[in-house]
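Heads up: the structure comes next, in structure tokens.
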Amino acid sequence: MKETADLAMDRKPAVALAGTAMAELRKTRAAIVRQSAIVWGEHCTECAFPACYSACSFYTPRADGHCRRFAAGIEDVVSNELSLTRIAFRRWGKLEGKGPVALKTPQARAALHTLDSAAARAMAPLPRGAQDGLRWRWNIAKQNLAQRGEAPVEQSVFIVEAVAEAGEAFTLTIVPAEKTTAGLFQAPLAIKPGYNRFVLPVREIAARIDLAQPYLIQIEPVAGAGTAPIVFGVVDFCVLSAQLAQISGLSASGARPKIKCVVWDLDNTVWRGTLVEDGVEGVTLRGDAVALIHALDARGVINSIASKNDAALAFSALEKFGLRDLFVFPQISWGPKSEAIRRIAAAMDVGLDTFAFIDDQPFERGEVSELVPEVEVFADGEIESLLALPRFDVPATAESRARRAMYQTEEQRQSALAASEMDYTAFLRSCAIRLEITQLAPANLTRIYELAQRTNQLNFSGTRYTREQLEALNPEDTFVLRCADKFGDYGIIGFCVLEEARVASFFMSCRAQRKRVEEAFFGFLAERLAARGQHELRVDFRRTAKNGASVAMLEGLGFTYAAADEGSGVFVRPLATPFADRDVVAASFQPRVAEVA
């Protein structure tokens, strides 16, 4: 809902949206079983009412005399009978709603909308002074109605849908209404041309904001300047049907991927003091930072560094404090930290949306938030609270405890390749890579479960198996991939489920990608199916927001996309065609061996 303003609520202009955008907007609505009714209004980030009406050069009066923070207000529009909202933000304009709010059934929300329209029609003939007073009272009444019902639960999500003509960077901010109350939740909304959907888990918001107390929800452009018109769909707290959410490519819980790497600033974050000014002897370690570094390391979350510092001096300090070996792919230079984080992600070969960044400086946090919005950014004052956040809640296994050592071995591999005069394939052959293929067993089930939860890019079906689902699988239809080379052991890096001679699910850790491991495994699988009389290898595929790399891998392996329906389909490859460079990796199969914890 919106604040009642100009009362032209039934004269909704039609807007033309692309078919793909309409399909996604309808998918979201089909998945919603409960939704809040936030009362949204137009506000100003620089407002000093009422003096601003005479002093601000950006003041433009609406028909009711109030400032037009948006070029045409909050417009109700229609596209193919779907009610939407259109906003063109003017300079300093922001969209703001108030909480707490409650979750309502679609029928209850429809009734509120009908009541709102009736109130607007009833007020329309009245004199302007009477309208102002009644609108003010009616908006308060709507806010009270929005609070009645079921409060957002841990399993609910906050959804923002936007269809834009051009790319715009926005920030979603949720803060306590009382300035004396601590708390802040922020998330970047990197709106791209076309359809956008942002799904934020309520449990992450609730970890920073008390949603039972009054709070403000604000959406505003990062640049603070005007924007082209943006059409908004759902912008509310929601509960999603798990079944429909899966069909729609959503997550019923809205959970973002678990954090895989935390990138640390050094000065006044890992230690107190400025290294280039105070010297190695003049800085002191922060106990909360060191405790978090060790706790993350135990969970298998990688620690790295993005610090503007003298590299030799910084490494000397890390050695002195006994921390050097706890950081992987550290980037210490005077360049932008956003670029440093991108280099770390490229070296680790994992998505930026699995990164967190900790820095004491607002400028550095702002630079990273704007230029790599996928990265979640934290101030140094939040260090002690991070482990309690859901994104840091990852299972501790023997594999996770060894993860840092695996990445440090990867550092050695990359250094060896950089120093080698061989071509890449020749270098891989010199690494003596071995692929051991076994089957699902109690001893490796925990690692496969962890891999299912963590793998985003190379997950062909997007499936995230529960422990119960894994236990229910027939081991004869499963393949567990473990890899090692002359530098060290990668551990278990992949899993495949075969159903009726087709690959129903396959996921693999990115750290083994492009090392010809995939050629070795699918070559093995092709031989196995050919022995059963099959003539082609079929792979089920379902597109997710993160698995574009899976398409590149399949196409690189010679598969062709044969059929598709709403983002799902099948890749096909004739078995008679050999896999190139399959012999680079030595593959062996031992059925139903459970030797890995």
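Observations on the model:
- From the options Leu200, Leu172, Leu189, residue that is in contact with a Gly (Cβ under 8 Å, 6 or more places away or on another chain) and assigned by TED's automatic domain parsing to the domain that holds Tyr215: Leu200
- Some residue of region 515-536 being polar (S, T, N, Q) and in contact with an Asp or Glu (Cβ under 9 Å, 6 or more places away or on another chain): no
- Evaluation of Ser307 against the conditions (1) free of Cβ contacts under 8 Å to residues at least 24 places away in the same chain; (2) small (Gly, Ala, Ser); (3) closer than 30 Å to Ala223 by Cα shows that the sole unmet condition is (1).
- Candidates Phe541, Phe521: the one that is in the same structural domain as Leu435 (by TED's automatic domain parsing), assigned to a strand (DSSP E or B) and buried (at least 20 other Cβ atoms within 10 Å of the Cβ) is Phe541.
- Subset of region 284-301 [farther than 19 Å from Ser385 by Cβ and touching a helix residue (DSSP H, G or I) at 6+ places or on another chain (Cβ under 6 Å)]: Gly300
- A single member of Thr466, Thr446 is more than 20 Å from the chain's Cα centre (by Cα) and free of Cβ contacts under 8 Å to residues at least 24 places away in the same chain, and it is Thr466.
- Here Ala501, Ala416 are screened, and the one residue that is in contact (Cβ under 8 Å) with a residue 40 or more places away in the chain and more than 31 Å from the chain's Cα centre (by Cα) is Ala416.
- Of the residues making up region 517-550, those that are under 22 Å from Val199 (Cβ atoms) and aliphatic (A, V, I, L, M) number 2.
- Residues of region 158-186 satisfying the condition of being surrounded by fewer than 20 Cβ atoms within 10 Å (Cβ to Cβ) and in a strand (DSSP E or B): Ala169, Thr171, Thr173, Val175, Pro176, Phe185, Gln186
- 1 or more residues in contact with a Pro (Cβ under 9 Å, 6 or more places away or on another chain) and at pLDDT 90 or above: qualifying helices (runs of 4 or more DSSP H) within region 254-334: 311-320
- Residue in region 282-297 that is over 23 Å from Gly381 (Cβ atoms) and either outside the structural domain of Cys510 (by TED's automatic domain parsing) or loosely packed, with under 15 Cβ neighbours inside 10 Å (or both) present: no
The values are calculated or read from the model by the stated rules, or taken from the named source; none is laboratory data. Every value quoted in this text rests on a predicted model; they were computed, and no experiment measured them. So basically every Cβ, Gly included, is an ideal-geometry build from the backbone, and we count neighbours across all protein chains shown.
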